[in-house]
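One structure is given here, and the rest of the page talks about it.
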Amino acid sequence: MVRFLRPVLFVCGILTLLMAGLMLAVACFAWLRQDPEMEVFLISFGITLGCGLVLVLGCHDRGFHLVARQLYLLTSLSWVLMSLFGALPLFFSHFQLSAEDAVFEAVSGITTTGSTILSGIEHVAPSLLLWRSLLQWLGGLGVIGMAVSILPFLRVGGMRLFHTESSDWSEKSIPRVQSLARLLVLTYLTLSVCCVLSYWLAGMTLFDAVNHAMATVSTGGFATDDRSMGRFSLGVLWVSILFMILSALPFTLLIGFFRRPSMDLFRNQQVLGFFAIIVVVSLLLTADLIDLQVFAPFEAFTQASFNLVSVITTTGFASADYTQWGTFSIALFFVVMFIGGCSGSTSGGMKVFRFQLSYLFLRSQIRKLIHPSGVFVTQYNGRPVQDDIVLSAVAFSFLFFVTLAVITLLLALMGLELMTSLTAAATALTNVGPGLGEIVGPAGNFASLPVAAKWLLSFAMLMGRLELLTLMVLFTPMFWRG
């Protein structure tokens, strides 16, 4: 067991040292701004650095190769550790947050969910606001790396359908894998910088632009004010719409597009489906808002498009309390909450491709009922879809809705009413951020939930971020028996 754990803990130690470096950077920012939370970040830095050094020095081993079982454990353990260490500045801050509140906020950040227990955010120290945004930015980068490299190898996720099928990774040389990693980081950095500049040119202060850009590109949704994006102009909202959509597209396709611009990106079946959903639902919401005379036509289109894109990309920004737009809008937002963005992006949710595969599988079954002797091949993006990929999508969907039901029942058992229980469970598993209703809706927060509910939702956010199966497999006796 020691030999099994050593390489996993060594890699976790490296990630812990990375987290310590970010804490030191924020401490320097706090010193420059004469921020009272500087000491908090130095204390957190010392604890995190010490733990990281213990893991790295104590588990160092020359040349190791991680097998599938170790990758399952590494993927889950790294996200848990990053969340716990990320909670330290929040726990030691002058807000005197409880352990469950600090962990909830950190998990929400690192999983790019965007749910919060804080109120009066505009009065929070700038260093803590920057730390929350950094957690989301780091989480978004981790999501892409995990979706493109680790999950396909573990036969989890959707990137096996596209340019990084698991069967290809055994044939790839290390330099090619490292080259892909560099391109992913470069693309992520480029999007982040462009988003900062765009927000700044659209009228945000530089501090707001940096924080909101990190929350936008990671599709996280943490804001620097309780009003979220509602205090900015319509021009800022359109900038946000653009970068939320870009961040919800498969990053491997974005890399190809930036290196050699072509229409291939827009011929991808998942991307086409994603855009189709956005256009159709945005127009439906706009028509409903105009009919209700809530906004003028252009503002109605902007508000509908922004909040729809924010929910479907699982960013979680809000420019208005859309729960006040009537039952039709509420129903649409609830349904869209489950869809999510594209596989291989920073967004959460069930992902567009799983709904497309389910439709193709259903169509094939109907054809077989009509023509029992017929042979029908399910194709996606012009290629046959392997049976195990369809089965994986079905298994994920089944596990998702079973988990949703269990978490909803547990929250209801804790005394929460049905709307809060259901949408809090859904928003945690899909990593959207705000739910529906007065408590966890876009105009509320999660502070008033019971302690047990916060721990449960923190676990649910991690489950959703890790595609459920990656974390659930650790709870099977077969995994530990090898």
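The values are calculated or read from the model by the stated rules, or taken from the named source; none is laboratory data. Quick caveat, the model's predicted, so the values are computed rather than measured. Don't worry about glycine lacking a Cβ; one is built from the backbone with ideal geometry, like all the others, and counts go over all protein chains shown. In case anyone asks, the SASA skips ligands and DNA or RNA and just uses the protein heavy atoms, side chains included. Shrake-Rupley method; radii C 1.70, N 1.55, O 1.52, S 1.80 Å.
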Just tell me, in residue order, which DSSP H segments of the chain are both 30 angstrom or longer along the helix axis (alpha-carbon based) and at least 0.0 in mean Kyte-Doolittle hydropathy. 2-32, 38-59, 68-92, 174-201, 269-292, 387-413
Cα-based equivalent ellipsoid of segment 256-389: semi-axis lengths in Å, sorted from largest, via gyration tensor: 33, 20, 13
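Where does each of 51, 12 land when they are ordered by accessible area, with a 1.4 Å probe and the largest first?
Heavy-atom accessible area, descending, gives 51, 12.
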Find the percent of Cα-Cα distances in the chain that exceed 43 Å, and round it to a whole number. 12
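Among the trypsin sites (Lys or Arg not before Pro) within segment 26-111, which fall in a DSSP loop and have no more than 11 other Cβ atoms within 10 Å of their own Cβ?
In loop regions of segment 26-111 (DSSP not H, G, I, E or B), the sparsely surrounded trypsin sites (Lys or Arg not before Pro) are 62.
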With the full set of protein chains in place, find how many percent of the accessible area of segment 279-321 is carbon and sulfur; take the probe as 1.4 Å. 69
On a full-extension model of 0.36 nm per residue, what is the gain between residue 194 and residue 358, subtracting their alpha-carbon distance, rounded to one decimal in nm? 55.4 nm
Scan the chain and report its longest stretch carrying no GluC sites (Glu not before Pro) that are both in a DSSP loop and have at most 16 other Cβ atoms within 10 Å. 172-416
Could you put 137, 238, 79 in order of accessible surface area, largest first, with the 1.4 Å probe and the full protein assembly present? 238, 137, 79
For residue 258, tell me the accessible area in Å² from a 1.4 Å probe, rounded to the nearest 10. 100
Segment 363-472: relative contact order in percent, alpha carbon pairs under 8 Å with at least 6 residues between: 19
Roll a 1.4 Å probe over the protein heavy atoms and report the accessible area of residue 123 in Å², nearest 10. 150
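What 222 nm value per residue comes from the helices of the chain, counting each DSSP H run with n ≥ 4 as -39,500 (n - 2.57) and dividing by all residues, nearest 500 deg cm²/dmol?
-22000 deg cm²/dmol
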Between residue 472 and residue 388, what is the label-point separation in nm under the 7 Å Cα-to-beta-carbon projection? 1.8
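Per residue, what volume in Å³ does the convex hull of the Cα atoms of segment 341-381 enclose?
56
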For segment 263-480, how big is Rg over Rh, using alpha carbon atoms and the Kirkwood form of Rh? 1.01
Relative to the compact-globule scaling 2.2 N^0.38 Å, provide the ratio for the alpha-carbon radius of gyration of segment 320-408. 1.37
At a threshold of 8 angstrom on Cα-Cα distance, excluding pairs fewer than six apart, so keeping six or more, what relative contact order does the chain reach in percent? 17
Return the loop-located chymotrypsin sites (Phe, Trp or Tyr not before Pro) in segment 10-69 (DSSP other than H, G, I, E, B) with at most 15 other Cβ atoms within 10 Å of their own Cβ; answer none if there are none. 64
q = 0.16, 0.28 Å⁻¹: log10 I(q)/I(0) that the Debye formula gives for segment 248-315, counting C-alpha atoms only: -0.63, -1.11
Can you give the accessible area of residue 47, probe radius 1.4 Å, in Å² rounded to 10? 70
P(r) tail fraction, segment 1-149 - alpha-carbon pairs more than 22 Å apart, %: 41
